[in-house]
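The values are calculated or read from the model by the stated rules, or taken from the named source; none is laboratory data. Only a predicted model underlies this, so the values are computations on that prediction, with no experimental measurement involved. With ideal geometry, Cβ positions are generated from the backbone for all residues, glycine too; neighbour counts draw on all protein chains shown. Ligands, DNA and RNA are excluded from the accessible area calculation, which covers all protein heavy atoms including side chains. Shrake-Rupley method; radii C 1.70, N 1.55, O 1.52, S 1.80 Å.
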Amino acid sequence: MQEPTKEHRATGTAPNAATDISAQQSGVLLVSIMLVAACGIAYELIISTVSSYLLGDSVVQFSLTIGLFMFAMGIGSYLSKLIGEQRLIENFILVEMAIALVGGVCSITLFVVFAALNPFYKTVMYSFIMTIGILVGLEIPILTAILSKRESLRKSLAHVLSLDYVGALIGSVAFPLFLLPTLGLIRTSFAVGLVNILTALVTLLFFRKKIARSGLWIAGCVAILIAMIVFVIGGTFLSRYAEKQLYFDQ
C-alpha cells in the first residue's frame, strides 16, 4: 500500500483519493487561463489606443489605463472570496460571458461617446477599465480554486500564474502585430470578445454534467457568440459609422 505523503497527512486526504475534475477538464481550464489572460491584455491595449487616438498624449493614456486596470484586477481578486465554492464553474462562465459583452462593445462605445457625449468620455472610459479589470481579476482565483480540487493549491497556483503570464505575452504581441493591422480597433474588440465567449462555451460543454440547466447556459453563450460573429463581420460598417460621428468631411 502506498505510504501517505507529508502533504496528504497534513490535509487528511488519501494519495489516490477521487478528484472532482478529470485530467481532460483540467487541461481545458489551463488553456482557458492562457486565453483569458491574452484577452485581458488586449482590452487594456484597445482602450489605451482608442483614448490615445481621441485624446492624445499616449503616455498618459497607456499609463492610466494599465494602472487602473491592475488596480481593478486587485479589487476583483479581493471580491472573489465572496463567491461560494459550490458554483465555481458557473461563476467562471458567467464572468466570461460578461467580459465578452462589455469588452466587445468597448471600442465602438468609446468612439460614439466621444462624438456625441464628449464631456462624459473619461467617465465611460474609466468605467470600462474598472469593470473589465474587476471581471478579469475574478477569473484567476476562481480557476485556481477549481484546479485545486484535483491537485495541491501550490501546484495549481503555479500552473495558473505561469499560463497567465504566457497569455499576457501572447495578447501583447498579437494586438500590435496581427489584430490591429488586420481588423482595426472596433473589429478587434469584437474578435477578442469572441475568444472570451468561445472559452466560456467550450468550458461549459466539458463541464455540462456538473451544471444544472446547462441547456440554458449553452443557449446564452450561443446567443452572445452569434452576436460577436455578426459584429466582427459587420465591423467595417460600424467603423465607418464611428468615423462619421467624428468627422464632418469624407
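Rg and Dmax in Å for the range 130-194, alpha carbons only: what are they?
Using the Cα atoms of the range 130-194, the pair Rg, Dmax is 14.8, 43 Å.
How much space per residue, in cubic angstrom, does the convex hull of the C-alpha atoms of the range 92-132 take up?
48 Å³
Charges only on Cβ, +1 for Lys and Arg, -1 for Asp and Glu: so what's the dipole of the range 101-250 about the Cα centre, in debye to the nearest 20?
So the magnitude is around 620 debye.
How many lysine pairs in the chain, separated by 8 or more positions in sequence or lying on different chains, have Cα atoms less than 19 Å apart?
Count of close lysine pairs: 5.
So, with a 1.4 angstrom probe, what is the percent of accessible area on the range 64-177 that is carbon and sulfur?
With neighbouring chains kept in place, the figure for the range 64-177 is 72 percent.
Using alpha carbons only, what's the Rg to Rh ratio of the chain with Rh from Kirkwood?
1.04
Nearest 10 degrees, 0 to 90: what angle lies between the long axis of helix 88-116 and the longest principal axis of the chain (Cα atoms)?
On a 0 to 90 degree scale, this one is about 10.
Taking only protein heavy atoms and a 1.4 Å probe, what accessible area per residue, in Å², does the chain have with all protein chains in place?
52 Å²
Once the dipole of the chain is set up with Lys and Arg at +1 and Asp and Glu at -1 on Cβ about the Cα centre, which of 143, 47, 24 lies farthest towards its positive end?
Looking along the dipole axis, the top candidate is 24.
As I understand it, the dipole of the chain uses +1 on the Cβ of Lys and Arg and -1 on the Cβ of Asp and Glu, about the Cα centre. Which of 223, 163, 84 lies farthest toward its positive end?
Comparing the listed Cα positions along the dipole, 84 ranks first.
Give the whole-number value, in cubic angstrom per residue, of the convex hull volume spanned by the C-alpha atoms of the range 70-174.
Looking at the range 70-174, the number lands at 111 Å³ per residue.
Could you work out how far helix 58-79 tilts from the main Cα principal axis of the chain, as a 0 to 90 degree angle to the nearest 10?
Taking Cα atoms only, the helix is inclined about 30 degrees.
Looking at the range 150-209, which trypsin sites (Lys or Arg not before Pro) are DSSP coil and have at most 16 other C-beta atoms within 10 Å of their C-beta?
Sites meeting the loop and neighbour criteria: 150.
Packing-wise, with mean Cβ within 10 Å as the measure, how do 212-223, 129-140, 164-175 rank, highest first?
129-140, 164-175, 212-223
Would you list the P(r) distribution for the range 12-141, with all Cα-Cα distances sorted into 5 Å bins from 0 and each bin expressed as a whole %?
Pair shares across the bins are 2, 10, 18, 20, 16, 11, 8, 6, 4, 2, 2, 1, 0.
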